[in-house]
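Here the structure comes first, spelled out in structure tokens, and everything after it is commentary.
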Amino acid sequence: MAERESNRAIGARKEELAVQYLKQQGIQVLEQNYRCRQGEIDIIAKEEKYLLFVEVKYRSTVQHGYPAEAVTRQKQQKIRRVAEYYQYRMHLPENTPVRFDVIAILGTEIQYIRNAF
């Protein structure tokens, strides 16, 4: 009898898939699963002059909605707070251009949404 893979294990695998996808796009991945008291960001990366904060969402089917729909306004605010803290901790200039992206994975299909919010 095969054991069902945990949501955490599936999430880790999908985040790794997202990292590989970004690298194929020529994007430099700086951090994965950055955590602080404010929360967590799945991927922090750099593309040209932009610092990217990337949220990865996975759904096997649309039964519970599309993956990108899970990045609610509340989740966006939390990601912004973590991003501000990251910039502060890394002593990055306040005028560093940042972008908030989402990688939505539905089954095996990857959708990369630049400037998602």
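Odds and ends about this structure:
- Extension gain for residue 64-residue 76 works out to 2.4 nm (0.36 nm per residue, less the C-alpha to C-alpha distance).
- Counting only trypsin sites (Lys or Arg not before Pro) that DSSP places in a loop and that have at most 16 other Cβ atoms within 10 Å, the longest clean stretch of the chain runs over 50-113.
- Using alpha-carbon coordinates, inclination of helix 7-24 to the longest axis of the chain, degrees: 60 degrees
- Of the GluC sites (Glu not before Pro) found in the stretch 58-117, the ones in coil according to DSSP and having at most 13 other Cβ atoms within 10 Å of their Cβ are 94.
- Scaled against the 2.2 N^0.38 Å expected of a compact globular protein of N residues, the Cα radius of gyration of the chain reads 1.08.
- Beta-bridge orientation, the chain: approximately 65 percent antiparallel, per DSSP, counting only bridges with both partners inside.
- For the chain: relative contact order, % (alpha-carbon pairs under 8 angstrom, 6 or more apart): 23 percent
- Student exercise, the chain dipole from Lys, Arg, Asp, Glu Cβ charges, in Debye to nearest 20: 300 debye
- Taking the chain as the region of interest, the number of lysine pairs whose Cα atoms are within less than 15 Å, with members eight or more places apart or on different chains, is 4.
- For residue 10, solvent-accessible area (1.4 Å; no DNA, RNA or ligand), Å²: 40 Å²
The values are calculated or read from the model by the stated rules, or taken from the named source; none is laboratory data. In this text, all values refer to a predicted model and were calculated from it rather than measured experimentally. No Cβ is skipped: glycine too gets one built from the backbone with ideal geometry, and neighbour counts run over all protein chains shown. All accessible areas refer to the heavy atoms of the entire protein, side chains included, with ligands and DNA or RNA removed. Shrake-Rupley method; radii C 1.70, N 1.55, O 1.52, S 1.80 Å.
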